[in-house]
1. Out of region 66-92, which residues are closer than 21 Å to Y51 by Cα, out of contact with any Asp or Glu (no Cβ under 6 Å at 6 or more places or on another chain) and at pLDDT 95 or above?
2. Kindly indicate whether any position in region 103-117 is in a helix (DSSP H, G or I) and either at pLDDT below 95 or charged (D, E, K, R) (or both).
3. Pick out the one residue from A183, A197, A188, A126 that is more than 25 Å from A48 (Cα to Cα) and of a type in the set (G, A, S).
4. Considering every residue within region 93-100, establish whether at least one is farther than 19 Å from L76 by Cα, touching a residue at least 40 places away in the same chain (Cβ under 8 Å) and surrounded by fewer than 22 Cβ atoms within 10 Å (Cβ to Cβ).
5. Which pairs turn up if I take residues in region 171-182 that are in contact (Cβ under 8 Å) with a residue 60 or more places away in the chain and within 16 Å of G40 (Cα to Cα) and look for partners that are in a helix (DSSP H, G or I) and among the hydrophobic types (A, V, I, L, M, F, W, C) with beta carbon separation below 6 Å, at least 6 apart in sequence or on another chain?
6. Mind listing just one residue for me: the one in region 14-49 that is out of contact with any strand residue (DSSP E or B) (no Cβ under 9 Å at 6 or more places or on another chain) and part of a helix (DSSP H, G or I) and, of those, surrounded by the fewest Cβ atoms within 10 Å (Cβ to Cβ)?
7. Out of all the residues in region 183-205, which are touching a residue at least 24 places away in the same chain (Cβ under 8 Å) and of a type in the set (G, A, S)?
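The values are calculated or read from the model by the stated rules, or taken from the named source; none is laboratory data. In this text the structure is predicted, and so the values were computed from the model without any measurement. Methodologically, a virtual Cβ is constructed for each residue, glycine included, from the backbone with ideal geometry; neighbour enumeration extends over all protein chains shown.
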Amino acid sequence: MEKFFFLIIVYNSKEGENMKLIVGLGNPGKKYEKTRHNTGFMVVDRVADQYQITISQNKFNALIAQTTIGSIPVLLMKPQTYMNLSGEAVIAASKFYKIQPEDILVISDDLDLPIGKIRLRETGSAGGQKGLKNIMDHLHTQQVPRLRVGIGKNPFIDTVDYVLGKIEKENLDTFNDSLDRAAAASIAFVLYGMKEAMNRYNTRG
């Protein structure tokens, strides 16, 4: 079984592929660690763990790390600009490495998805996600692949307080499962393309 999986990866990875950029959105600093709004950071860290690397190099006003998935060069990024200015880091890296918008995957939390759900989309509006909107503004296009990870919502808690809070203990297992699937979906985006990643990982309901 392991040998078969390895063969699939080699077959779908092409030499000379354009570099992919996987961007996790969040806010820098200890006070924001593990908060709902830093879900994008958590997913990118899980991708890094899969390839035994640490996202620690400071460049483009972001923490970055380079790796190879299959034979495809990949840049992992956690912007350090604060959420709403994430586009500043993304545009700097995309210009430096000549990465096209369709080769960028933006990962963020989403209030409108329940905990445990993830959604991939190829294009569309930012849907109120200010970090994604800032990225699209800098890239001058809505055709930026994105991966949303559900954090749910609580009508009894102010939205700002809610997104800057941490997942409740009773929801941690479900949330961590969604982080694992989001990391796997990010890897599938690199290896197989966005449409195949959507087919494999977009959840129903």
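1. Keep residues of region 66-92 that are closer than 21 Å to Y51 by Cα, which gives 66-79.
Subsequent filtering for residues that are out of contact with any Asp or Glu (no Cβ under 6 Å at 6 or more places or on another chain) retains 66-70, 73-79.
Passing the criteria: Q66, T67, T68, I69, P73, V74, L75, L76, M77, K78, P79.
2. So the first thing to find is which residues in region 103-117 are in a helix (DSSP H, G or I), and the list is 103.
Add one more test, that the residue is either at pLDDT below 95 or charged (D, E, K, R) (or both), and what stays is 103.
Yes; the residues of region 103-117 include at least one that is in a helix (DSSP H, G or I) and either at pLDDT below 95 or charged (D, E, K, R) (or both).
3. Numbers: A183 fails: more than 25 Å from A48 (Cα to Cα); A197 fails: more than 25 Å from A48 (Cα to Cα); A188 fails: more than 25 Å from A48 (Cα to Cα).
So the residue among A183, A197, A188, A126 that is more than 25 Å from A48 (Cα to Cα) and of a type in the set (G, A, S) is A126.
4. Within region 93-100, the first condition is being farther than 19 Å from L76 by Cα, and the residues that meet it are none.
Checked region 93-100: no residue is farther than 19 Å from L76 by Cα, touching a residue at least 40 places away in the same chain (Cβ under 8 Å) and surrounded by fewer than 22 Cβ atoms within 10 Å (Cβ to Cβ).
5. These pairs meet every condition: L179/M42; L179/V43; A182/V43.
6. Among them, the one singled out is K30.
7. Taking region 183-205 as the starting set, the residues that turn out to be touching a residue at least 24 places away in the same chain (Cβ under 8 Å) are 183, 185-187, 189-192, 194-195, 197-198, 201-203, 205.
Scanning region 183-205 gives A183, A185, S186, A197, G205.
One line per residue, one yes/no per condition, for (1) out of contact with any helix residue (DSSP H, G or I) (no Cβ under 8 Å at 6 or more places or on another chain); (2) outside any helix (DSSP H, G or I):
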{"residue": "P155", "(1), (2)": "yes, yes"}
{"residue": "V160", "(1), (2)": "yes, no"}
{"residue": "D180", "(1), (2)": "no, no"}
{"residue": "F189", "(1), (2)": "no, no"}
